[in-house]
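Just so you know, all these numbers are worked out from the coordinates, no wet-lab data involved. Given the structure is predicted, the values throughout are model-derived calculations rather than measurements. Glycine also receives a Cβ, built like all others from the backbone with ideal geometry; neighbour counts cover every protein chain displayed.
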Amino acid sequence: MSSNRILAGLFLFCSALPAQVAQCDRTEMDALHAAVRASQSAGDNAWMLVSAALVLMMTGPGLALFYCGLVRKKSVLGTMMQSFGMMAVITLIWAVCGYSLVFAHGNPFIGDLRYLFLNGVGADPNPLYAPTIPHQTFMIYQLMFAIITPALIAGAFAERMRFPAMLTFSTLWAFLVYFPVAHMVWGDGGLLNASLGGRWPVFDFAGGTVVHITSGFSALVTALYLGKRVGYPEEKIVPHNLVLSFVGACLLWVGWFGFNAGSALAASPLATSAFVATHFAAAAGAVAWMAAERIRNGRASALGAISGAVAGLATVTQGAGFVQPFSAVLIGFIAGAVCYVMVSMVKSRLGYDDSLDVFGVHGVGGFMGCLLTGVFATRVVNSALKLADGQPAPLGWIDGNPVQLLNQLIGAAIGIAIGVVGTLVALKVTALLTPLRMEKTEEASGMDLVLHGEEGYNFEA
Amino acid sequence: MVKVEAIIQPAMLEAAREALKNAGVDGITVIEVRGHGRQKGHTEVYRGREYQIDLLPKIKLEMVIPSSRKDEVVRALAEAVRTGKIGDGKIFVSEVMEAIRIRDDNRGEAAL
């Protein structure tokens, strides 16, 4: 696609020149070619570096604030540290071997180690993934996704897992779940890769399966495995500061533009399309959740509004670069309504303590988003896949390709299976190395004091 | 001497202080407290989960005044903080045996 854009640019440029100059000789053509490439690269690279920063902002402070406001004040720092811990630990793992395991060509399940210690990942683009930006930009952008995914899971075991256990578990989880699933969906030769030779092509524009299904279903497993917080649900365990959660949710919303629109990997019209879809789904999700609360409780709450927006964002992630604006609105409405029912009605019936509703929002939203992408994906938005005659291939059901729904279902099922099994293994291994849970008396004192030796709020200081 | 203890709505603190100042009460102690009377709190809903909040934040005022001024001060205070709705609070009056000003060891009403 990019070489077409370059040629089109050259053509326009040359046709605008007087005839004698248009017959430019070969070296002039080459110089012109290089200049066009450089200017396109500059634009794309600027957007992708900003996008990478936006996605990091989603974890810290976005997710850290969103989560920490929802826990009790004795665990505010411990909860923020879980997000921050991922920013530090996953970064180092990614640099050593994580990037290679995801994006190097290996087998259909995992990449090989050709990019170990980022060997060969430099200023030259990797034409397989993003031909107009430095390979290193692509690497750092993708890192931010690897950071936020295990950070999301932490909401399910809020206020009870010990910090060393959390870091150990998340490290193991990255190797057992994130790296394989991300390679299968996005990596060269991955089992589910839609454009680079997958057995079942799954459309996952920005990580509905890779990020939200894996983290959401893994979160459910951790909540069931670790058990409920002491006192849940009899005691009053309420968010200690929804103002922090509110600011966090707004940062998530803004950061999500980097997450979804950035996944176009260029400052292209496709990025615009994903940006619009993302924003519309967030708005529709917020409206749907508020309406559901108004009907059921008589009042729309602040926590409900921001939860609905996050549900819309998580659900549209998979299809952001494949669906039209009003498909995104519909996806957002469905997300807000269904996630509301899951979180407010189904969870309390089933009785597990997914403390901050990672499964109800990200697991359920991610799963729905995966299937809805199979329905609403259209070549009108994304023409990256070609038929043999060079025409854009039909994508989802509305393009007349209902089989894609089956591909999406297979992708989701594989994501769920690897998430569940990988999480169980990671928890078992972690438990052998270090105690998973805080003692009952420690839980009463809170994470901040017990795990970190400090308190978030020292008002008498 | 009597001790007047008033439990009032937090939003009424400034109105109460103004009224007490106008009534000539010099010393006052303000305490942030939690509790409930017959009103028994309210309900909060977080992501569909309902919580009964029994203990509401209230402000407790304490002052010791000459017995002769009891009715006047209590009336001024009550009128200042009354809205007529449930949750306005309570005033309790009790006898005080002795008052001592620590600085100069004055006793009784002279110490107030």
Gyration tensor verdict on region A:197-283 (Cα atoms; rounded if a/c is under 1.5, prolate if a/b is larger than b/c, oblate otherwise): oblate
Summarise the partner chain shielding of A:340-352 as one whole number: the mean count of Cβ atoms from other chains within 10 Å of each residue's Cβ. 2
Within chain A, which complete DSSP H helices have Cα atoms spanning at least 30 Å along the helix axis and a mean Kyte-Doolittle hydropathy of -0.5 or higher? A:26-57, A:269-297, A:403-433
Range of Cα positions in region A:36-182 per principal axis (Å), largest first: 55, 33, 21
Relative packing of B:54-66, A:297-309, which averages over residues the other C-beta atoms within 10 Å, highest first: A:297-309, B:54-66
If the chain between A:V420 and A:L387 were fully extended at 0.36 nm per residue, the gain over the current Cα-Cα distance would be 8.3 nm
For peptide B:44-56, what's the mean number of Cβ atoms from other chains within 10 Å of each residue's Cβ? 6
Angle, helix B:13-22 long axis vs. longest principal axis of chain B, Cα atoms, 0 to 90°, nearest 10? 20 degrees
What's the FRET efficiency of A:A431 with B:I28 using the Cβ-Cβ distance as r and R₀ = 51 Å, to the nearest 0.05? 0.35
Where does the protein assembly as shown land at 222 nm, in deg cm²/dmol rounded to the nearest 500, when only DSSP H runs of n ≥ 4 count, each adding -39500 (n - 2.57), divided by all residues? -16000 deg cm²/dmol
Treat each spin label as a single point 7 Å out from the Cα along the C-beta direction, and report the A:S348 to B:D104 distance in nm. 6.3 nm
Cβ neighbours within 10 Å from other chains - mean over A:416-422: 0
With 10 angstrom as the radius, rank A:F179, A:F257 by how many other C-beta atoms surround their C-beta, starting from the fewest. A:F257, A:F179
Subtracting the Cα-Cα distance from 0.36 nm times the residue separation, let me have the gained length for A:N458 to A:E235 in nm, one decimal. 77.8 nm
Approximate shape of region B:11-59 as ellipsoid semi-axes (Cα gyration tensor, √5λ), whole Å, largest first: 33, 10, 9
Jot down the per residue volume, in cubic angstrom and as a whole number, of the convex hull over the alpha-carbon atoms of region B:2-111. 124 Å³
Rounded to one decimal in nm, the spacing of the 7 Å Cα→Cβ label points at A:F326 and A:Y225 is 4.6 nm
So for each of A:358-367, A:84-93, B:19-28, A:214-223 I average, over its residues, the number of other beta carbons within 10 Å; can you give me the resulting order with the highest mean first? A:358-367, A:214-223, A:84-93, B:19-28
Checking rank on A:148-158, A:101-111, with mean other Cβ inside 10 Å and highest first, the result is A:148-158, A:101-111
Stokes-Einstein translational diffusion, region A:309-461 - Kirkwood Rh over all Cα pairs, 1.567 mPa s, 4 °C, in µm²/s: 70 µm²/s
How long are the three semi-axes of the equivalent ellipsoid of region A:48-452, in whole Å, if each is the root of 5 times an eigenvalue of the C-alpha gyration tensor, listed from largest down? 32, 25, 18
